[in-house]
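Note sheet for the following structure.
The values are calculated or read from the model by the stated rules, or taken from the named source; none is laboratory data. This structure is a prediction, so every number in the text was calculated from the model and none was measured. Quick reminder, even Gly has a Cβ in these numbers, built from the backbone with ideal geometry, and neighbours come from all protein chains shown. We work out accessible area using only protein heavy atoms, side chains counted, and drop any ligands, DNA or RNA first. Shrake-Rupley method; radii C 1.70, N 1.55, O 1.52, S 1.80 Å.
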Amino acid sequence: MKINLDSDNEWGHFIDPDSFQIVEITDEVPDRSFVVFKEREYIDDIDRTVIQTTYGIVDGNKLQPMNKRELSKLMSKACAKYIIDFEKLPPKIMVEKKLITDKPARLAFIMSNRDTFHLKIDKTALEGGNPYEIINSIMENQDFKTTMYDREEKWKIEYAKSSRAKCRKCGSNIEKDTVRIGEPHYFEDHLNYRWHHEKCIFLQRFEKENIKGLDLLEEEDRKRIEEILDS
Ligand SMILES: [Zn+2]
């Protein structure tokens, strides 16, 4: 089907259900494709521009809209089929939670930072195969490094913008304008940070390249921290 875009305010991607390739929508979208479509809209009441996302699947000549959860279910099925057919994980698919024997595998399809789909691959989807065994053996064979736990997002260092955040280690508040160090994590597709006091984190475990924001610190703080990172 054709999707006509108002190029200033509408854009989107489709995902091929067989290959999991992500393609920008320009015009024609093939049958069975998963669609993630965005519209920018100005809302008077709140004086803000918001972005609305439509999820759906192309069914013949029409787009069948659905919510994200429904689309995630269809993606889970397509992902399981891909795993069976190719004995590997589709691109951009990561293992989201530790695999547990006899439990469905929890995977994530990370289209972008904003659009992550949570997939559940159970025994039925794998035609009776055990998700734990199948996905574990794929990970072993693929030199599989990309789990949710080491996604590209880096830890972040900055001065606390307020005194509200609590340190994840010691539980006390992190005072405004003091250095805080954040572990990236996702909540409903939004990137958030779990903050720590400088003293509450074992900084030696990081390489300089794995933390962003160092260059924005005052020289004194930056030098102190870089010295620890380099040690
Ligand atoms: Zn602390």
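Name the residues in the range 162-182 that are outside any loop (DSSP other than H, G, I, E, B) and in contact with a strand residue (DSSP E or B) (Cβ under 6 Å, 6 or more places away or on another chain), would you?
Residues satisfying the conditions are Lys166, Asn173, Arg180, Ile181, Gly182.
If the requirement is being open to solvent by 20 Å² or more (accessible area, probe 1.4 Å), under 30 Å from Asn136 (Cβ atoms) and not hydroxyl-bearing (Ser, Thr, Tyr), which of these qualifies: Glu96, Glu24, Glu10, Glu28?
Being open to solvent by 20 Å² or more (accessible area, probe 1.4 Å), under 30 Å from Asn136 (Cβ atoms) and not hydroxyl-bearing (Ser, Thr, Tyr) holds for just one of Glu96, Glu24, Glu10, Glu28, which is Glu96.
Out of everything in the range 188-204 that is within 16 Å of the ligand (Cβ to nearest atom) and part of a helix (DSSP H, G or I), what residue ends up being farthest from Met111 (Cα to Cα)?
The extreme case among them is Lys199.
Residue pairs, Cβ under 9 Å, 6 or more apart or interchain, first in the range 151-170 and more than 18 Å from Glu218 (Cα to Cα) and open to solvent by 90 Å² or more (accessible area, probe 1.4 Å), second within 15 Å of the ligand (Cβ to nearest atom) and among the acidic types (Asp, Glu). List them.
Matching pairs, first to second residue: Arg168/Glu183.
Can we say Glu209 is closer than 26 Å to Ala108 by Cα, without any contact (Cβ under 8 Å) to a residue 60 or more places away in the chain and assigned to a helix (DSSP H, G or I)?
Values: closer than 26 Å to Ala108 by Cα: yes; without any contact (Cβ under 8 Å) to a residue 60 or more places away in the chain: yes; assigned to a helix (DSSP H, G or I): yes.
Taking the combined requirement at face value, the residue satisfies it.
Sort out which residues of the range 84-120 are more than 25 Å from Glu153 (Cα to Cα) and touching a Pro at 6+ places or on another chain (Cβ under 8 Å), and write them in order of number.
Matches in the range 84-120: Lys103, Pro104.
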